[in-house]
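Below is one structure, written out as structure tokens; comments come after it.
The values are calculated or read from the model by the stated rules, or taken from the named source; none is laboratory data. Source: prediction; values computed, not measured. With ideal geometry, Cβ positions are generated from the backbone for all residues, glycine too; neighbour counts draw on all protein chains shown.
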Amino acid sequence: MSLEDLILITGQQIDQGVALEAGKTKMRYVKAAGICKFDKEDFKKLACMVGTPVKVSTDFGEIIVYSTISEEGPHPGIIFIPAGPWANQLVNPDSQGMGTPTYKGIKAKVEVVESGKVLDTLTLLRKYKKEGHLDG
């Protein structure tokens, strides 16, 4: 099942900050930042369980993250991914001369994945460095 014509918003959240204190390489951080939060009614349309991996795609990239239902809402058509290495794969890298990419209002598509998994932080960064998406 998939959802199209969604709007992606990224940002910080408390759970992510708490998990960050334990370290970005810990599974707690992956579970706090490698997620996509959905409006309750949108989530029902996906016909999956909380925690099911989903692929989020934008014009700038795609990433597999864990699915969950937002505590906020209702906000049909809007998905949220915490700012971090997973969200960074989906935003426009061109800062349009402002020095900061656009982190909100990004057109997105989501589909449930039958195979594939959410990568941990180090594996994700190694993958994107190998593909030439990261400097250094």
The residue that is surrounded by the fewest Cβ atoms within 10 Å (Cβ to Cβ), considering only those in segment 10-26 that are within 17 Å of the chain's Cα centre (by Cα) and assigned to a helix (DSSP H, G or I), is Ile14
How many residues does segment 82-133 hold that are under 23 Å from Lys31 (Cα atoms), among the aliphatic types (A, V, I, L, M) and either in a loop (DSSP other than H, G, I, E, B) or modelled with pLDDT under 85 (or both)? 6
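Answer with yes or no whether Lys45 is surrounded by 21 or more Cβ atoms within 10 Å (Cβ to Cβ) and farther than 17 Å from Lys117 by Cβ. If you could, list the steps in order and put the result at the bottom.
Details: surrounded by 21 or more Cβ atoms within 10 Å (Cβ to Cβ): no; farther than 17 Å from Lys117 by Cβ: yes.
So Lys45 does not fit the description; no.
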